[in-house]
Amino acid sequence: MTLSAIIITFNEERDLPGCLESLTGVVDEIVVVDNHSTDATRDIARRYTDKIFLKSFEGYGPQKQFALEQASGDWVLNIDADERLTPALAEEIKGLRKNADSCLGGYEIPFQVYFLGHRLRFGGCFSEWHIRLFQRHKACYGGKTIHEGIEVSGPLGRLKSAMRHESYQNFSEYLEKCSRYTGLIAHEKFSKGKRFHLWHHLRLPWEFLMRYVVKLGFLDGNAGLIYAMLSAYYAWLKHVRLIEGEKRFLESETKNAKPH
């Protein structure tokens, strides 16, 4: 089988080198689709591939679908800049290339989540599986702005070795991504008719209770506590930001109602 890796990027100069290095000797080609980064992202990518494309961001689904369409391999590995193939996963994929099951549409890969340099084993982070390796002609991404997912025809297999996800290295990175993601989610929810309600404030304590107590996040120590608190804030904020959509809608209605 021939194997392509696809990566979408925006200002990933810190994370991208580790990601690309982990792919060395594992894939036949690397496709990078960049959203006009202003840092050294594209310069770093050029050390590993000449298949670099510029595309303005229209949502994670469209961005990844475009990347998929640029790949030429029979199989495709989707990986983010803050993810790495562990040595065990790299070897497993190499072995799979010799005898991949053509009847399968793709494979799910287990994830190891690292937060602030610590691996999280509890709090909902111990059993993540994602479809990341699939046959190119059997897969497509939807048009969702965020939480894009992938549609794969045919049954799925599972790999044993894990992908390493370096989710957040510091608080500034978390807050920047939190602002971006919650804005996209709130916009998507508002466009589907969702509105903010007072009971959404309950998401804050509920999410914390679920992650820290029910899902045993306290066993991850200080990192588990911080992750549970930030996750609760994230879950709350993506609903509270519906208020921004309501405000924009009212301002637009007021503007349109004024006589010209």
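Of the residues Leu104, Leu116, Leu120, the single one that is touching a residue at least 24 places away in the same chain (Cβ under 8 Å), in contact with a Gly (Cβ under 6 Å, 6 or more places away or on another chain) and over 24 Å from Val32 (Cβ atoms) is Leu104. Selection of first residues in region 153-167 that are closer than 21 Å to His137 by Cβ and of second residues that are surrounded by fewer than 18 Cβ atoms within 10 Å (Cβ to Cβ) and of a type in the set (Lys, Arg), restricted to Cβ pairs under 6 Å at least 6 apart or on distinct chains, gives the following pairs, ordered by first then second residue: Ser153/Lys138; Gly154/Lys138.
Go through region 66-85 and report how many residues are charged (D, E, K, R) and in contact with a Lys or Arg (Cβ under 7 Å, 6 or more places away or on another chain). Don't jump to the end; show me each part of the working.
Taking region 66-85 and keeping what is charged (D, E, K, R), we get 69, 74, 80, 82-84.
Those left that are additionally in contact with a Lys or Arg (Cβ under 7 Å, 6 or more places away or on another chain): 74, 83-84.
Selection size over region 66-85: 3.
Note on region 13-27: residues that are surrounded by 23 or more Cβ atoms within 10 Å (Cβ to Cβ) and assigned to a loop (DSSP other than H, G, I, E, B) total 1. Evaluating Arg47 against the criteria (1) within 28 Å of Phe208 (Cα to Cα); (2) among the charged types (D, E, K, R); (3) at pLDDT 95 or above leaves one unmet condition, (1). Of all residues in region 28-58, exactly one satisfies the criterion of being among the hydrophobic types (A, V, I, L, M, F, W, C), under 30 Å from Leu104 (Cα atoms) and out of contact with any Phe, Trp or Tyr (no Cβ under 9 Å at 6 or more places or on another chain), namely Ile52.
Within region 97-115, being closer than 18 Å to Lys138 by Cα and in contact with a helix residue (DSSP H, G or I) (Cβ under 8 Å, 6 or more places away or on another chain) holds for Gly105, Gly106, Tyr107, Ile109.
Would you mind stating whether Ile30 is within 18 Å of Gly59 (Cβ to Cβ) and part of a strand (DSSP E or B)?
No.
Among the residues making up region 166-186, those that are under 27 Å from Glu69 (Cα atoms) and out of contact with any Lys or Arg (no Cβ under 8 Å at 6 or more places or on another chain) are Ser167, Lys177, Arg180, Leu184.
Residue by residue, here is whether (1) crowded, with 18+ Cβ neighbours inside 10 Å; (2) within 16 Å of Ile243 (Cα to Cα); (3) at pLDDT below 90 holds:
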| residue | (1), (2), (3) |
| --- | --- |
| Ser179 | no, yes, yes |
| Arg203 | yes, yes, no |
| Tyr212 | yes, no, no |
| Met229 | no, no, no |
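Being at positive phi, modelled with pLDDT under 95 and of a type outside the set (Asp, Glu), is that true of even one residue in region 60-72?
The first filter runs over region 60-72 and keeps only residues at positive phi, leaving none.
The answer is no; no qualifying residue exists.
A count restricted to region 127-143 and to residues that are surrounded by fewer than 18 Cβ atoms within 10 Å (Cβ to Cβ) and either farther than 27 Å from Met210 by Cα or of a type in the set (Phe, Trp, Tyr) (or both) stands at 6.
Identify, please: which residue in region 192-218 is assigned to a helix (DSSP H, G or I) and touching a Gly at 6+ places or on another chain (Cβ under 8 Å) and is, among those, nearest to Phe115 (Cα to Cα)?
Filtering region 192-218 for residues assigned to a helix (DSSP H, G or I) gives 198-214, 217-218.
Remaining after also requiring touching a Gly at 6+ places or on another chain (Cβ under 8 Å): 210-212, 217-218.
Working: Met210: 18, Arg211: 14, Tyr212: 15, Gly217: 13, Phe218: 14 Å.
Among those that are assigned to a helix (DSSP H, G or I) and touching a Gly at 6+ places or on another chain (Cβ under 8 Å), it is Gly217.
Going by what's in this entry, would Gly245 be described as outside the structural domain of Gly117 (by TED's automatic domain parsing) and either under 22 Å from Ser179 (Cβ atoms) or surrounded by 14 or more Cβ atoms within 10 Å (Cβ to Cβ) (or both)? Here the answer is yes, as Gly245 does meet what is asked. Filtering region 86-114 to residues that are at pLDDT below 90 and crowded, with 18+ Cβ neighbours inside 10 Å leaves only Ala100.
The values are calculated or read from the model by the stated rules, or taken from the named source; none is laboratory data. Everything quoted here is computed from the prediction, not taken from an experiment. With ideal geometry, Cβ positions are generated from the backbone for all residues, glycine too; neighbour counts draw on all protein chains shown.
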